[in-house]
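The values are calculated or read from the model by the stated rules, or taken from the named source; none is laboratory data. Remember, it's a predicted structure, so these values are computed and weren't measured experimentally. Neighbour counts are summed over all protein chains in view; Cβ atoms, including those assigned to glycine, are modelled from backbone coordinates with ideal geometry. Just so you know, the surface numbers come from the protein's heavy atoms only, side chains and all, with ligands and any DNA or RNA stripped out. Shrake-Rupley method; radii C 1.70, N 1.55, O 1.52, S 1.80 Å.
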Amino acid sequence: MGRWRPPAPKSSPYITPAGFTALQAELDGIWVRRREVVAALADAAAEGDRSENAEYIYRKKELAGLDRRIRYLQKRIPELTVVRETHNGDRVFFGATVAVCDEDGATRRYRIVGADESDAKTAAISIDSPLARALLGKTVDDEVSISVGDTMTTVTVESIDYKS
């Protein structure tokens, strides 16, 4: 069995201004880090036998990872569309922070953002996620059914906020 995987579906090109700034800062930071890694790689290469030099091997792998991320960001950033407009709080659209109540009575807050800035720690979900797609266009007190695997979950929209 091979390791080939089909390419992932293209994610939506939308991003918030803060997310765009963060990606630009990441790219700038990676270039600085790359200079440091190249200098360390040159020092490790100067030590002699490269086949048994763990520092050299590690730095080569690190450099490859940095170059991969640089290539991705250089291709992705020009494709992005920064969404600057905000909506009023009556419907769920891109950039909204939505509080939903599930069947068990637990309330959770999610912020709908672009695929490049989604983060589970901050409850920022991608606009391409099933939950975000189901929430788009809904208003307060709307019930939304979400299919996750074989289970069906229903949540109720409690509040919509665009200030976050």
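Of everything in region 30-84, what is among the hydroxyl-bearing types (Ser, Thr, Tyr) and under 30 Å from residue 114 (Cα atoms)? Give them in sequence order.
At the first step, the residues of region 30-84 found to be among the hydroxyl-bearing types (Ser, Thr, Tyr) are 51, 56, 58, 72, 81.
Of everything in region 30-84, those that are among the hydroxyl-bearing types (Ser, Thr, Tyr) and under 30 Å from residue 114 (Cα atoms) turn out to be 72, 81.
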Would you check which residues across region 146-164 are over 24 Å from the mean Cα position of the chain (by Cα) and free of Cβ contacts under 8 Å to residues at least 24 places away in the same chain and list them?
-> 150, 151, 152
Does region 31-45 include one or more residues that are part of a loop (DSSP other than H, G, I, E, B) and either out of contact with any Lys or Arg (no Cβ under 9 Å at 6 or more places or on another chain) or in contact (Cβ under 8 Å) with a residue 12 or more places away in the chain (or both)?
-> no
Are any of the residues in region 97-111 under 21 Å from residue 87 (Cα atoms), open to solvent by 30 Å² or more (accessible area, probe 1.4 Å), without any contact (Cβ under 8 Å) to a residue 24 or more places away in the chain and not in a strand (DSSP E or B)?
-> no
Filter region 79-96 for residues that are surrounded by 15 or more Cβ atoms within 10 Å (Cβ to Cβ) and free of Cβ contacts under 8 Å to residues at least 60 places away in the same chain and give the result.
-> 93
Only residues in region 50-78 that are open to solvent by 100 Å² or more (accessible area, probe 1.4 Å) count as the first member; pair them with residues that are assigned to a helix (DSSP H, G or I), Cβ under 6 angstrom, at least 6 apart or cross-chain, and list the lot.
-> 50/56
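Taking only region 108-127 into account, find how many residues are charged (D, E, K, R) and within 8 Å of the chain's Cα centre (by Cα).
Pass one, region 108-127, residues charged (D, E, K, R): 108-109, 111, 116-117, 119, 121.
Now drop any that are not within 8 Å of the chain's Cα centre (by Cα), which leaves 116-117, 119.
Residues flagged as charged (D, E, K, R) and within 8 Å of the chain's Cα centre (by Cα) within region 108-127 amount to 3.
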Given (1) closer than 30 Å to residue 143 by Cβ; (2) without any contact (Cβ under 8 Å) to a residue 60 or more places away in the chain, residue 21 misses just (1)
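Of all residues in region 123-164, how many are in a loop (DSSP other than H, G, I, E, B), at negative phi and surrounded by 13 or more Cβ atoms within 10 Å (Cβ to Cβ)? Steps first, answer last, please.
As a first pass, look at region 123-164 and keep what is in a loop (DSSP other than H, G, I, E, B): 123, 127-129, 136-142, 149-150, 162-164.
After this cut, where a residue has to be at negative phi as well, the list is 127-129, 136, 138-140, 142, 150, 162-164.
Those still in the list that are surrounded by 13 or more Cβ atoms within 10 Å (Cβ to Cβ) too: 127-129, 136, 138, 140, 142, 162.
So the answer is 8.
Look at residue 25 and say whether it is part of a helix (DSSP H, G or I) and farther than 29 Å from residue 125 by Cβ.
Working: part of a helix (DSSP H, G or I): yes; farther than 29 Å from residue 125 by Cβ: no.
So residue 25 fails the test.
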In region 36-49, residue most open to solvent (accessible area, probe 1.4 Å) [restricted to those that are out of contact with any Leu (no Cβ under 8 Å at 6 or more places or on another chain) and of a type in the set (A, V, I, L, M)] | 46
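Name the residue that is most open to solvent (accessible area, probe 1.4 Å), counting only residues in region 1-17 that are among the aliphatic types (A, V, I, L, M) and out of contact with any strand residue (DSSP E or B) (no Cβ under 9 Å at 6 or more places or on another chain). Give the steps one after another, and end with the answer.
First, pick out the residues of region 1-17 that are among the aliphatic types (A, V, I, L, M): 1, 8, 15.
Checking which are out of contact with any strand residue (DSSP E or B) (no Cβ under 9 Å at 6 or more places or on another chain) leaves us with 1, 8.
On the way: 1: 236, 8: 85 Å².
Looking at the filtered set, the residue picked out is 1.
So which of 84, 50, 59 ends up being among the basic types (Lys, Arg) and part of a helix (DSSP H, G or I)? Before the answer, list the steps.
Numbers: 84 fails: part of a helix (DSSP H, G or I); 50 fails: part of a helix (DSSP H, G or I).
None of the others qualify; the one that does is 59.
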